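Below: one structure, written as structure tokens.
The values are calculated or read from the model by the stated rules, or taken from the named source; none is laboratory data. Bear in mind the structure is a predicted one, so any value in this text is a computation, not a measurement. Neighbour counts are summed over all protein chains in view; Cβ atoms, including those assigned to glycine, are modelled from backbone coordinates with ideal geometry. With ligands, DNA and RNA removed, areas are computed over all heavy atoms of the protein, side chains included. Shrake-Rupley method; radii C 1.70, N 1.55, O 1.52, S 1.80 Å.
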Amino acid sequence: MSFGIEAAGYYVPGLYLEIKDLAEKRGIEPAKLEKGLGLHKMGLSDVHEDAATFAAEALLKLIKDYQINPEEIARVYLGTESAVDAAKPTASYAVQMVEKVLEEEFGTRCFRNCDVLDMTFACVGGVDALHNALDFVRVNPDKKAVVIASDYAKYELASSGEYTQGGGAVALLVSSKPDLLEIENNWGVASESVFDFFKPRRLYKKEDLNGAPETYPDKVEVFTDEPVFDGQYSNQCYQDRIKEAYYHYKEITGQNKPYENWEHIIFHLPYAFHGKRVFTEIYSLENDLSYETAEEQKAVAKSENYLKLINDKIEKSQRASSEIGNMYTASIFMAFLSALQTSFNENEELSGKEIGFVGYGSGSKSKVFAGKVSENWRKVVGKWHLFENLNQRSAVDFETYEKLHRKQLRESVNKNYKGFGLVSIEVENPVLIGARYYHYQP
Ligand SMILES: CC(C)(COP(=O)([O-])OP(=O)([O-])OC[C@H]1O[C@@H](n2cnc3c(N)ncnc32)[C@H](O)[C@@H]1OP(=O)([O-])[O-])[C@@H](O)C(=O)NCCC(=O)NCCSC(=O)C[C@@](C)(O)CC(=O)[O-]
């Protein structure tokens, strides 16, 4: 019996900022962002959007596109680091929103017997959700699970993380009928507690919150959505952990150079070119190349063989990231969708080909695993229209971007939006304070 991904849906917010507009305002050479990091557009959440609406959109799309009976879904595991509450799972908000829309077709509370849960480990939380969902279906092969990865990446204005912002969600149906990708049960894992990027609870005064949530009392402890981070150190932690997890994967599988068997190498992409920039170390170790000095590292990165590896195995997975930015937990899955959508559009045959995944989450942990593309993959990918949908989004100007970032807008930029939206947050009733209410606009 095989296990893996049966179907996939995604949601990307409808607004973006052109990276060249950001570069111009911040005095950064556009070529650094475009040619150095691979950034073109930055996906932005509108006023009514958050990790719960993103997750609900991706879940509803998955259910509708593949005509899934929600009563067949035994578990919904949501990977997120943008939770809307520290106790009530964001998955419970998302599932409730979708339940309401499906009410007519499936009756009230069609997810009544579904086990709903959030999982958090920075960007690798979605991979953790997938890992656990697979464990669940391996034990219960007649059941299905849904994994959702949903996040928005927000950094302080004018910081080095600002140009890597983005957001959105990917939902995966996990079962013993893996029409898209059959995933083997070999997991290379490496973890170490570090402070490369984290979101501590912090005490804020009301004015520190940029006048934003009028809902907050004068001084409150809140989760910040802007991380404390050290960019170059986070790169080093990423590089160290993926190396350890990759070697753990080699040890478990007994394979010599696993990456050589992988048609696509799918990384967690905090920005489009990150995977290809950091994989040089593993590549050098695998091929006995010297990697000590900066000159040697550059020589590897610019070598003909390495450029061919990027072109053959990495480039297709970068394309969506260049258009969206960091989606934290959802980035690795969006990189996977990007690679498969591109192969689909270019009429490549992927059936039976192996795909390797290199996940990373700050704090820190890496997971390395692989899967085999199923015979039916074209039927699954045929529903996505990923790049057409990305082309339907609307650009905002820099002023609007800054207002969105500072939470200074009261009304949505897209006033006629369709789909899920946050309507209000309870501020009066003491036993409901902070409760969030959503609606759906067909
Ligand atoms: C990611 C960094 C550190 C990048 O930091 P940075 O200082 O913006 O960029 P850089 O100096 O590291 O690299 C710039 C590249 O552009 C090139 N360049 C320069 N000028 C030009 C030009 N004119 N024309 C063409 N190319 C140019 C330059 O040569 C270089 O390329 P290289 O040669 O090294 O390949 C920063 O954006 C940052 O702090 N981001 C936030 C943290 C982050 O994303 N870290 C990544 C690893 S940790 C992670 O992935 C986890 C995370 C963040 O997703 C969170 C989670 O797990 O929850």
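Using 0.36 nm per residue, how much length does the chain from R112 to Q67 gain when fully extended, once their Cα-Cα distance is taken away?
14.3 nm
Using a 1.4 angstrom probe and counting only protein chains, how large is the accessible area of R26 in Å², to 10?
70 Å²
With every protein chain left in place, what is the accessible area per residue of segment 4-441 in square angstrom, probe 1.4 Å?
Values: 18840 Å² over 438 residues.
About 43 Å² of surface per residue is accessible.
State the Cα centre-to-centre distance between segment 1-54 and segment 232-307 in whole Å.
Using only Cα atoms to place each centre, the spacing works out to 24 Å.
Just in segment 71-124: which trypsin sites (Lys or Arg not before Pro) are loop by DSSP and have at most 11 other Cβ atoms within 10 Å?
On the way: sites: R75, K100, R109, R112; in loops: R109, R112.
Passing both the DSSP loop test and the Cβ count: R112.
Could you check which residue among G356, G27, G231 shows the biggest mean-square fluctuation in a GNM of the chain with a 10 Å Cα cutoff?
G27
What net charge do the residues around S343 carry, taking every other residue with its C-beta under 13 Å from that of S343, with Lys and Arg at +1 and Asp and Glu at -1? Don't jump to the answer; show the numbers that get you there.
Values: positive: K313, K316, R319, K353, R378; negative: E263, D312, E315, E346, E348, E349.
Summing Lys/Arg as +1 and Asp/Glu as -1 gives -1.
Return the long-range amide H neighbours of C123 (sequence gap of 5 or more, or a different chain), with a cut-off of under 5 Å between placed amide H atoms.
It is S362, by chain and number.
Which lysines have a Cα lying under 16 Å from the Cα of K372, excluding residues fewer than 8 positions away in the same chain?
K177, K313, K353
Given H placed on each backbone N at 1.01 Å, which residues far from N326 in sequence or on other chains put an amide H within less than 5 Å of it?
Result for N326 returns Q165, G166.
May I ask you to evaluate 6.51 cos²θ - 1.76 cosθ + 1.60, the Karplus curve with θ = phi - 60°, for each residue of segment 421-436 and list the ³J(HN,Hα) values in order in whole Hz, giving x for glycine and proline?
Once θ is set to phi - 60°, the couplings for segment 421-436 become x, 6, 9, 7, 10, 5, 10, 9, 5, x, 8, 10, 4, x, 5, 10 Hz.
When the helices in the chain are scored as -39500 (n - 2.57) per DSSP H run of 4 or longer and the sum is shared across all residues, what 222 nm value do you end up with, to the nearest 500 deg cm²/dmol?
Numbers: 15 runs with 153 residues, N = 442.
For the chain, the value works out to -10000 deg cm²/dmol.
Would you work out the charge dipole size for the chain about its Cα centre, treating the Cβ of every Lys and Arg as +1 and the Cβ of every Asp and Glu as -1, and quote it to the nearest 20 debye?
Working: 51 positive and 67 negative charges, 68 e Å.
Approximately 320 debye in magnitude.
Go ahead and set up a Gaussian network model of the chain, Cα springs under 10 Å, then flag whichever of V278, V431, V170 fluctuates most.
Result for the chain, Cα springs under 10 Å: V431 fluctuates most.
With an 8 Å Cα cut-off and a minimum separation of 6 or more residues, compute the relative contact order for segment 224-380 in percent. Display every interim value, and only then the final one.
Working: 200 pairs, mean separation 49.9, N = 157.
Relative contact order, segment 224-380: 32 percent.
For the chain, give the percent of accessible area contributed by carbon and sulfur heavy atoms, probe 1.4 Å, rounded to a whole number.
Exposed carbon and sulfur together represent 46 percent of the surface.
Over the chain, calculate the relative contact order: mean separation of alpha carbon pairs under 8 Å at least 6 apart, over the residue count, as a percent.
Numbers: 981 pairs, mean separation 104.0, N = 442.
Over the chain, the number comes to 24 percent.
Which FRET efficiency value, to the nearest 0.05, is calculated for F387 and E260 with the Förster distance at 30 angstrom and r the Cβ-Cβ distance? Walk me through the numbers before you get to the answer.
Values: r = 29 Å, r/R0 = 0.95.
After rounding, the FRET efficiency stands at 0.55.
Calculated FRET efficiency, I252 and R410, Cβ-Cβ r, R0 56 Å, to nearest 0.05? Numbers along the way, then the final one.
Numbers: r = 53 Å, r/R0 = 0.94.
Efficiency computed from Cβ-Cβ geometry: 0.60.
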